[in-house]
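Below is one structure, written out as structure tokens; comments come after it.
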Amino acid sequence: MGVKPGALIVVLGGCGFLGRALTRDLHHRGYRLRLITRRPDRHRDLLVLPRLELWEGDVHDERVLRELASGAAAFVNLVGILHEHTPGDFVRAHEELPARMARVGCGLRLVQVSAAGADAASDSAYLRSKAQGELRLRALAPAAVIVRPSVIYGPGDHFVCRFQRLMRWAPLGLPVPLAQSPIAPVHVDDVVSGIVAAVTRAVATGCDYHFCGPEVMALQEAVAAIARLSGHPRPHGLSAGLSLLLARILGHWPGAPFSVDQWRTLRAGSVCPAKGPGLPDLGVIPRSFHEALKDLILDPSLTHGRLHRTKGQIGHVARP
């Protein structure tokens, strides 16, 4: 049985790009939500949602997770990082947290959001840690549902918006690393619909769902479409060798805008297998990237992430 409206759902990573979209969708459907963050003051706009609790705490503290699980019917884990600030960050976020969720969420509906291309044998630490997290979750919670999305785009994302910002600094055309890397961009609303179905419907438990858009394309094709609609020059593709050199340089910059491990992740591609459960099996028909991109770029409020940001009264911040 799926989780019925009125039930309490804990969303880990609920204050991020995907988490905010998921939280608002579930709230609109009548569910109660519980989120946790170390900095609730940065996310007080979410408290206009009357059935939402925003807790202050550390998501990696198992004691806190047990308190979060009290009275809940489901756990959804969206927590993910693209690069490590310190060694072991990938293990902590992608491997240990899913295992903690499984330990405290015994008997609950568990949904883990992983990544397309997750592979325990990958030379990418990011993809390897995502796969190890899946294995550790499965060992403790065989009925958990695992979701593997490709590149997610939408209002206020880190894909379309990021490339638009970079293009402003490249008047002769943006250089695109590993330009031929295959991706299957999927809209955030389609990912949200798929996760909601995995939580609320009587779907096959213990199943892996692959979330991809209907078009597989090279990264350069996607960036070229963004450039064309934004009025910027066509981007230039970089070879694997030049891309690696760029990663070695930028990986030492503050925030590591492009690291060697991200180069390895990008080289692996982000697509879904030809066979296997996907969005259509959850009743979701993913939209075309090229068609959705027109609306996203031609409406400035979407590409700058102002959609869905509501100003209003400030609610109570709960502490575990």
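The values are calculated or read from the model by the stated rules, or taken from the named source; none is laboratory data. Bear in mind the structure is a predicted one, so any value in this text is a computation, not a measurement. Ideal geometry is used to build each Cβ from the backbone, glycine not excepted, and the neighbour counts take in all protein chains shown. All accessible areas refer to the heavy atoms of the entire protein, side chains included, with ligands and DNA or RNA removed. Shrake-Rupley method; radii C 1.70, N 1.55, O 1.52, S 1.80 Å.
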Residue among Leu68, Leu135 that is more than 30 Å from Phe289 (Cα to Cα) and in contact with a Phe, Trp or Tyr (Cβ under 9 Å, 6 or more places away or on another chain) | Leu68
Unmet criterion (only one of (1) open to solvent by 10 Å² or more (accessible area, probe 1.4 Å); (2) more than 23 Å from Gly241 (Cα to Cα); (3) part of a loop (DSSP other than H, G, I, E, B)) for Asp157 = (1)
Are any of the residues in the range 233-244 free of Cβ contacts under 8 Å to residues at least 60 places away in the same chain, part of a helix (DSSP H, G or I), more than 21 Å from the chain's Cα centre (by Cα) and surrounded by 14 or more Cβ atoms within 10 Å (Cβ to Cβ)?
-> yes
Sole exception among (1) open to solvent by 30 Å² or more (accessible area, probe 1.4 Å); (2) over 22 Å from Ala202 (Cα atoms) for Gly107, by number = (2)
Could you run through the range 118-140 and say how many residues are within 24 Å of Gly255 (Cα to Cα), open to solvent by 10 Å² or more (accessible area, probe 1.4 Å) and either touching a strand residue (DSSP E or B) at 6+ places or on another chain (Cβ under 7 Å) or small (Gly, Ala, Ser) (or both)?
-> 3
Can you work out which of the residues in the range 65-91 that are in contact with a Gly (Cβ under 7 Å, 6 or more places away or on another chain) and not in a loop (DSSP other than H, G, I, E, B) is farthest from Gly105 (Cα to Cα)?
-> Asn77
State all residues of the range 1-38 that are under 16 Å from the mean Cα position of the chain (by Cα), over 15 Å from Ser193 (Cα atoms) and hydroxyl-bearing (Ser, Thr, Tyr); if no residue qualifies, say none.
-> none
Among Gly57, Gly117, which is within 16 Å of the chain's Cα centre (by Cα) and touching a residue at least 12 places away in the same chain (Cβ under 8 Å)?
-> Gly117
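Out of the residues in the range 20-48 meeting the condition of being of a type outside the set (Lys, Arg) and touching a His at 6+ places or on another chain (Cβ under 7 Å), tell me which one is most open to solvent (accessible area, probe 1.4 Å).
Thr37
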Among the residues of the range 49-60, is any of a type in the set (A, V, I, L, M), in contact with a Gly (Cβ under 7 Å, 6 or more places away or on another chain) and surrounded by 15 or more Cβ atoms within 10 Å (Cβ to Cβ)?
-> no
Run down Val199, Val271, Val176, Val216 and say which single residue is open to solvent by less than 20 Å² (accessible area, probe 1.4 Å), closer than 28 Å to Asn77 by Cβ and touching a residue at least 40 places away in the same chain (Cβ under 8 Å).
-> Val199
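Would you tally the residues in the range 173-198 being under 19 Å from His158 (Cα atoms) and either of a type in the set (Ser, Thr, Tyr) or in contact with a strand residue (DSSP E or B) (Cβ under 6 Å, 6 or more places away or on another chain) (or both)?
Matching residues across the range 173-198 total 9.
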Go through the residues of the range 131-144 one by one and say whether even a single one is free of Cβ contacts under 8 Å to residues at least 24 places away in the same chain and of a type in the set (S, T, N, Q).
-> no
